[in-house]
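Presented below is the structure to which this report refers.
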Amino acid sequence: MSAVTDTPGPDADHPVLGLDDVVHQRVRLGILTIAHEARRVEFGYLRTQLDLTAGNLSKHLSVLEAAGLIDVEKGYEGRRARTWITLTPAGTTALAEEINRLKLLIARVETTG
Amino acid sequence: MTTDAVPADGDPRRLLADVRALAHRVRVDQRMTWAALLVLGVMTLLAIPFDWFGMRVDCGPDGGCTFARRGMLYYWPPAMVLAYGTITVCYLRAARARGLGARVLPYAITGAVTTLVFPAAWLAVHLYFQSHPYPDGPLPYWYFVLDRLVMPWGMVGVALLVLAWLERNRALALFTVGYLVLVLLVLPMNFGFGPPHFGIRAGMAVPQLIAGIVLLLGAFGFARAGRRR
């Protein structure tokens, strides 16, 4: 067992440590990005843009909904069932933080590399 | 984008590039630039008969004439409300049909605000010159540019700049800058082309016709570019 010091190591504030596993995933990051840009996005649009199967997209949406990052609203337009996804304030914050951390990571790699 | 889960140590550059590409794609899918330009172009052309027949022209025995463009004042405020309302509905419907929300509200608000600028500026100038004499010498050039800016054609350009910013649409921004140069610096939108080639009414109609055609050509160009995409 090594001695514990109060002084943080050089990587203690490394941006990778703050990455949220829920958001730091390509498909979920894509969902959050589209929902942010679109204000409100329909299930079918996400499926097409992200090139996912309905089942796969549903799984990712469930993860994001359980984390409180998106709201899912189901309804009908005429006879057609439609599912709309909106970003929650927590989702907006999480997306902004993720993008910020990605930029920090890139900057860090560029300065140390 | 793929269905593969990406580990937490995925390439940040690639993730960020994907984010940017997706955001850009959504913005492009939300655009209905051609519809906005079409509505504004049609409104501009429809204004010509209102201006023509609503204009009061008084000519003195010395050949000098004064004119008051009352038709413009009655036509443009309701026309702009109708135009921005139509554009907003078009954007909302198109975005909804594509499975997206729309980001057109700030544009509609800008449109509504600019709708008030023209009658307010007209009223301010009217009230000012009721109690102040007209200057003897020629008015400075900036006055004409400012006068053209607060007129409906200038305000249409200002609202289009807001739309270009909302859509992050460089092509629309460039088009709008060109349009604004035309209506603020090139075409005599406020006092018309003068004699001997044009009478007062025709001299006022021609710049409006050019501005309307430019907007319609823009609508055609953006529609074509959108279809090609």
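Rule-based calculations on the coordinates, nothing more; no lab input. For clarity, every value in this text was computed on a predicted model and none was experimentally measured. With ideal geometry, Cβ positions are generated from the backbone for all residues, glycine too; neighbour counts draw on all protein chains shown.
Taking the C-alpha atoms only, the angle from helix B:12-30 to the longest principal axis of chain B is near 40 degrees. Here the extension length gained between B:R56 and B:F198 equals 49.5 nm, from 0.36 nm per residue of separation less the Cα-Cα distance.
Share of pairwise Cα-Cα distances greater than 19 Å in the range B:181-229 is 40 percent (whole percent).
Fewest neighbouring Cβ atoms within 10 Å first, the residues B:H132, B:H126 line up as B:H132, B:H126. Once the Cα-Cα distance is subtracted from the 0.36 nm per residue extended length, the B:R96 to B:A124 segment shows a gain of 5.9 nm.
Computed with the Debye formula from one identical point scatterer per Cα of the protein assembly as shown, without solvent, the log10 of I(q)/I(0) at q = 0.10, 0.14 Å⁻¹ comes to -0.74, -1.08. Computed from the alpha carbon positions, the gyration tensor of the range B:113-229 leads to an equivalent ellipsoid with semi-axes of 30, 18, 11 Å, biggest first. Around the amide H of A:I70, modelled in the peptide plane, lie the amide H atoms of A:E65, A:T88, all under 5 Å away and 5 or more residues distant in sequence or on another chain. Shown for A:E97, A:E77: other C-beta atoms within 10 Å of each C-beta, ranked fewest to most, produce the order A:E77, A:E97.
Helix B:33-54 and the long axis of chain B differ in direction by around 10°, with both axes built from C-alpha atoms.
Note on chain B: Rg/Rh from C-alpha atoms, Kirkwood Rh, equals 1.11. A crude spin-label estimate for the pair A:L104 and B:V186, with each label 7 Å from Cα along the Cβ direction, gives 5.0 nm. Sequentially through the range B:90-107, phi angles give Karplus couplings (6.51, -1.76, 1.60; θ = phi - 60°) of 4, 4, 5, 5, 5, 5, 4, 4, 8, x, 10, x, 10, 10, 9, 4, x, 5 Hz, Gly and Pro residues having no value and appearing as x. Against chain B, whose longest principal axis is taken from its Cα atoms, helix B:200-228 shows a tilt of about 10°. Arranged from fewest to most other beta-carbon atoms within 10 Å of their beta carbon, A:F43, B:F198, B:F53 become B:F53, B:F198, A:F43. Global dimensions of the range B:117-162 from alpha-carbon coordinates: Rg and Dmax equal 12.5, 38 Å.
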